[in-house]
């Protein structure tokens, strides 16, 4: 895909934000189910949005932290396929974590745990920079050309060399 003139499409931007947010929470839910669900008797939204659960003092807290970090790595991959532009990765990652902060505030109040802030700021940074580097790697790939064109070009080059 070639990127030409940038057209501002608010519907596309909102759709990308919604898709990214949904995929992030879906992935977080899968990792929480795998890591935390085996340790607790009942899963709830507390593990998604309550800042008090994100703690380094319990094994369950460490499982929640691991789930958040695994989800941020998956989020970086989502950035590659949903956003596709390296220069937009920071914006979309920041939007995701700002929306997450607002949901956490609505659910359980202002996060007063330093662990919650460190984990989420680190996860945001990892997601933004890993997404940026993956998008840059994808953008810097060579553009594939068809085999027939390259063989024709080589044949013309050989003919040109023999003529000279």
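The values are calculated or read from the model by the stated rules, or taken from the named source; none is laboratory data. Bear in mind that the values here come from a model prediction, so they are computed numbers and not experimental data. Please note: Cβ atoms are built from the backbone with ideal geometry, for glycine as well, and neighbour counts cover all protein chains shown.
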Looking only at the stretch 48-86, filter to residues that are surrounded by 20 or more Cβ atoms within 10 Å (Cβ to Cβ) and outside any helix (DSSP H, G or I); which one of those is nearest to the chain's Cα centre (by Cα)? 83
Scanning the stretch 53-90 residue by residue, the ones that are within 25 Å of residue 110 (Cα to Cα) and in contact with a helix residue (DSSP H, G or I) (Cβ under 7 Å, 6 or more places away or on another chain) total 17
Check on residue 30, out of contact with any strand residue (DSSP E or B) (no Cβ under 7 Å at 6 or more places or on another chain), more than 12 Å from residue 120 (Cα to Cα) and either at pLDDT 95 or above or surrounded by 14 or more Cβ atoms within 10 Å (Cβ to Cβ) (or both): yes
Quick one: would you say residue 96 is modelled with pLDDT of 95 or more, farther than 19 Å from residue 131 by Cβ and either in contact with a helix residue (DSSP H, G or I) (Cβ under 8 Å, 6 or more places away or on another chain) or in a helix (DSSP H, G or I) (or both)? no
Mind checking which residues of the stretch 10-20 are over 23 Å from residue 76 (Cβ atoms) and either surrounded by 10 or more Cβ atoms within 10 Å (Cβ to Cβ) or modelled with pLDDT of 95 or more (or both)? none
Give me a count of the residues in the stretch 123-160 that are surrounded by 10 or more Cβ atoms within 10 Å (Cβ to Cβ) and either under 20 Å from the mean Cα position of the chain (by Cα) or modelled with pLDDT of 95 or more (or both). 17
